[in-house]
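Q: The structure follows.
The values are calculated or read from the model by the stated rules, or taken from the named source; none is laboratory data. Just so you know, these numbers come straight off a predicted model, no measurement behind them. Here the Cβ is made from the backbone with ideal geometry for all residues, glycine too, and neighbour counts use every protein chain on show. Just so you know, the surface numbers come from the protein's heavy atoms only, side chains and all, with ligands and any DNA or RNA stripped out. Shrake-Rupley method; radii C 1.70, N 1.55, O 1.52, S 1.80 Å.
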Amino acid sequence: MSSAEIKELRRLTAEFVDGLQSDYQDVLMKLTQKAYKDGLSHAEKSIGKISTTERNKVYESLPDMQTYLVNRIQPAISSIRDDLMSTLNKCISQGMDVSKAKIELRKRANFLSEHITFNSVGKTYDAADVINGVLVPTKRTVTRSKTMSTDSYFDVIARDVSKMSYIMAKVNGFREKGYNGFQYRRKRDNKVRKSHRAMGGKKFYIDSPEAKLAYQLLLDYGCRCDITPIKLRSKR
């Protein structure tokens, strides 16, 4: 392949990945907006109807959730981009012509539309743990690479981002009505995991580091816990 042909294949590959990102992002943005709206509606059940001015103020934080969404899907998009570029480099090193290289790239793109592989062994990510009834920040380490359905992966992201958008809309609604805190509410059945059960009834200042950990805990898979507004004594 000539340098011009290689450049064109790189451009087409990048264009494919950008299009894939745009498609997923558009769908997830709509889910984020709906979840944010639902969160604010549910907040009103606790705090009463809010004014148009208060609602507009709450929606000022929606772009933060959209940025959160973009950051969440980026690892998957980067993985797909790296995989396809690696495939292209192999085609080049094996001396394939443009036609054969396009076939190989198309095959790989079709595979990646259904499967995604993460090679993140050794990388750490922030999480929240409960130790002796107290929320503490922790670092968890990825111990093995993982391959999963691409649709399943983005379903996980949709759940994560939707839940966070719902929570933040509620929190911001509480704040606009003069509440500076919230209480952690758990379900009262035997399906609640131990760490979440320990948080039942705990009170948090909305903008505290502990509150951020509580938000992370609420994102645990299958979590049915929720928050209700409270007014706490102002910190001195």
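Q: Exactly one of these conditions fails for residue 82: (1) closer than 28 Å to residue 224 by Cα; (2) part of a helix (DSSP H, G or I); (3) acidic (Asp, Glu). Give me its number.
A: It is condition (1) that residue 82 fails.
Q: Looking only at the range 140-170, which residues are touching an Asp or Glu at 6+ places or on another chain (Cβ under 9 Å) and under 15 Å from residue 61 (Cβ atoms)? First the steps, then the outcome.
A: Of all residues in the range 140-170, those touching an Asp or Glu at 6+ places or on another chain (Cβ under 9 Å) come to 140, 149-151, 162, 165-170.
Scanning the range 140-170 gives 165, 166, 167, 168, 169, 170.
Q: Go over the candidates 7, 34, 57 one by one and state the one that is of a type in the set (Lys, Arg) and either surrounded by fewer than 13 Cβ atoms within 10 Å (Cβ to Cβ) or closer than 30 Å to residue 108 by Cα (or both). Step through it out loud before you land on a result.
A: Working: 34 fails: either surrounded by fewer than 13 Cβ atoms within 10 Å (Cβ to Cβ) or closer than 30 Å to residue 108 by Cα (or both); 57 fails: either surrounded by fewer than 13 Cβ atoms within 10 Å (Cβ to Cβ) or closer than 30 Å to residue 108 by Cα (or both).
Only one candidate passes the filter, namely 7.
Q: Select from the range 85-118 the residues that are among the charged types (D, E, K, R) and assigned to a loop (DSSP other than H, G, I, E, B) and write down the one among them that is least open to solvent (accessible area, probe 1.4 Å). Break it down stepwise before answering.
A: So the first thing to find is which residues in the range 85-118 are among the charged types (D, E, K, R), and the list is 90, 97, 100, 102, 104, 106-108, 114.
Filter again for assigned to a loop (DSSP other than H, G, I, E, B), leaving 97, 114.
Numbers: 97: 79, 114: 115 Å².
This residue is 97.
Q: Something else about it: Would you mind stating whether residue 218 is surrounded by 15 or more Cβ atoms within 10 Å (Cβ to Cβ) and in contact with a Lys or Arg (Cβ under 7 Å, 6 or more places away or on another chain)? Show your work before the answer.
A: Numbers: surrounded by 15 or more Cβ atoms within 10 Å (Cβ to Cβ): yes; in contact with a Lys or Arg (Cβ under 7 Å, 6 or more places away or on another chain): yes.
Taking the combined requirement at face value, the residue satisfies it.
Q: Do we have any residue at all in the range 138-153 that's touching a residue at least 40 places away in the same chain (Cβ under 8 Å), open to solvent by less than 90 Å² (accessible area, probe 1.4 Å) and assigned to a helix (DSSP H, G or I)?
A: Yes: one or more hits.
Q: Across the range 174-227, which residue is nearest to residue 163 (Cα to Cα) among those that are in a loop (DSSP other than H, G, I, E, B) and of a type in the set (Lys, Arg)?
A: Taking the range 174-227 as the starting set, the residues that turn out to be in a loop (DSSP other than H, G, I, E, B) are 177-180, 186-193, 200-202, 206-208, 219-225.
Applying the additional criterion that residues be of a type in the set (Lys, Arg) yields 177, 186-188, 191, 193, 202, 224.
Details: 177: 22, 186: 15, 187: 17, 188: 20, 191: 19, 193: 18, 202: 20, 224: 10 Å.
Looking at residues that are in a loop (DSSP other than H, G, I, E, B) and of a type in the set (Lys, Arg), I get 224.
Q: Which of the residues belonging to the range 173-203 are within 23 Å of the chain's Cα centre (by Cα), open to solvent by less than 20 Å² (accessible area, probe 1.4 Å) and closer than 22 Å to residue 41 by Cβ?
A: The answer is 173, 174, 182, 184.
Q: Give the range 37-52 a look and list any residue that's out of contact with any strand residue (DSSP E or B) (no Cβ under 9 Å at 6 or more places or on another chain), open to solvent by 40 Å² or more (accessible area, probe 1.4 Å) and either touching a residue at least 40 places away in the same chain (Cβ under 8 Å) or of a type in the set (Lys, Arg) (or both), or say none. Spell out how you get there, then give the answer.
A: Step one: filter the range 37-52 for residues out of contact with any strand residue (DSSP E or B) (no Cβ under 9 Å at 6 or more places or on another chain), giving 37-41, 44-45, 48-52.
Then drop every residue that is not open to solvent by 40 Å² or more (accessible area, probe 1.4 Å), which leaves 37-38, 41, 45, 49, 51-52.
Correct list: 37, 38, 45, 49.
Q: OK, next. Of everything in the range 9-26, what is in contact (Cβ under 8 Å) with a residue 40 or more places away in the chain and over 17 Å from residue 82 (Cα atoms)? Give them in sequence order.
A: 24, 25
Q: Give all pairs with beta carbons closer than 8 Å in which a residue from the range 207-236 that is in contact (Cβ under 8 Å) with a residue 24 or more places away in the chain and under 19 Å from residue 40 (Cα atoms) meets a residue that is in a helix (DSSP H, G or I) and polar (S, T, N, Q); count only pairs at least 6 apart in sequence or on separate chains.
A: As it stands, the answer is 228/46; 229/46, since those pairs meet every condition given.
Q: Also, I was wondering about something else. Given the conditions (1) in contact with a Phe, Trp or Tyr (Cβ under 7 Å, 6 or more places away or on another chain); (2) at pLDDT 90 or above, and given that residue 81 satisfies all but one, which numbered condition is not satisfied?
A: Tallying (1) in contact with a Phe, Trp or Tyr (Cβ under 7 Å, 6 or more places away or on another chain); (2) at pLDDT 90 or above, residue 81 fails exactly one: (1).
Q: Counting only residues that are touching a helix residue (DSSP H, G or I) at 6+ places or on another chain (Cβ under 9 Å) and either loosely packed, with under 15 Cβ neighbours inside 10 Å or among the charged types (D, E, K, R) (or both), which one in the range 60-69 is nearest to residue 32 (Cα to Cα)? Quick ask: steps written out before the conclusion?
A: Residues of the range 60-69 touching a helix residue (DSSP H, G or I) at 6+ places or on another chain (Cβ under 9 Å): 60-62, 64-66, 68-69.
Those left that are additionally either loosely packed, with under 15 Cβ neighbours inside 10 Å or among the charged types (D, E, K, R) (or both): 60, 64.
Numbers: 60: 14, 64: 11 Å.
Looking at the filtered set, the residue picked out is 64.
Q: Next question. Would you be able to tell me the number of residues in the range 45-61 that are within 25 Å of the chain's Cα centre (by Cα) and over 18 Å from residue 181 (Cβ atoms)? Outline the logic, then answer.
A: Residues of the range 45-61 within 25 Å of the chain's Cα centre (by Cα): 55-61.
Cutting the leftovers down to over 18 Å from residue 181 (Cβ atoms) gives us 55-57, 59-60.
The total comes to 5.
Q: While we're looking at this one, here's another question. For residue 75, work out the one condition from (1) under 24 Å from the mean Cα position of the chain (by Cα); (2) open to solvent by 50 Å² or more (accessible area, probe 1.4 Å); (3) modelled with pLDDT of 90 or more; (4) not basic (Lys, Arg) it doesn't fulfil.
A: For residue 75, the failing item is (3).
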